[in-house]
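Worksheet: one structure, shown below.
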Amino acid sequence: MKENYLLADLPKGKQGIVAQINLEGELRHRLQDLGLVENTEITCVGQSPLGDPKAYLIRGAIIALRNEESSQIVVES
C-alpha cells in the first residue's frame, strides 16, 4: 500500500516518488529545472548536523533543500 508523507519527513537512505509540489513561482520553476517533477524518484542522502537542510538525490544530481521548502513537497512510498 502506498503511503504519502512530506519530503521533509523522508529519512536518510530512504526513497520515494514525488506526488505533489505545493510551491509557487520562481522556486517551483527552479526545482522543476533541476528535475524535481511529479513521478520522479527522490532519495534522501544526508542532512546537516542540525537536520536542516537535507540533501536529496534527484536524477543523478544532489540538491539541498531547507525544511521550509521540502515540507511543501508530497512523496509516496
Could you tell me which label, among [x] 0.98; [y] 1.10; [z] 1.80, carries the value of Cα Rg over 2.2 N^0.38 Å calculated for this structure?
[x]
So what is the relative contact order of the chain, in percent, for Cα pairs below 8 Å that sit 6 or more residues apart?
44 percent
Neighbour-count order for ILE17, ILE58, ILE42, fewest beta carbons within 10 angstrom listed first:
ILE17, ILE58, ILE42
To the nearest 20 Debye, how big is the dipole of the chain about its Cα centre, given +1 on the beta carbon of each Lys and Arg and -1 on that of each Asp and Glu?
260 debye
Around GLY51: net Lys/Arg minus Asp/Glu count, Cβ-Cβ under 13 Å:
0
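Where a number appears in this text, it was derived from the coordinates with a stated rule and is not lab data. All figures in this text were calculated on a predicted structure; none of them were measured in a lab. Glycine also receives a Cβ, built like all others from the backbone with ideal geometry; neighbour counts cover every protein chain displayed.
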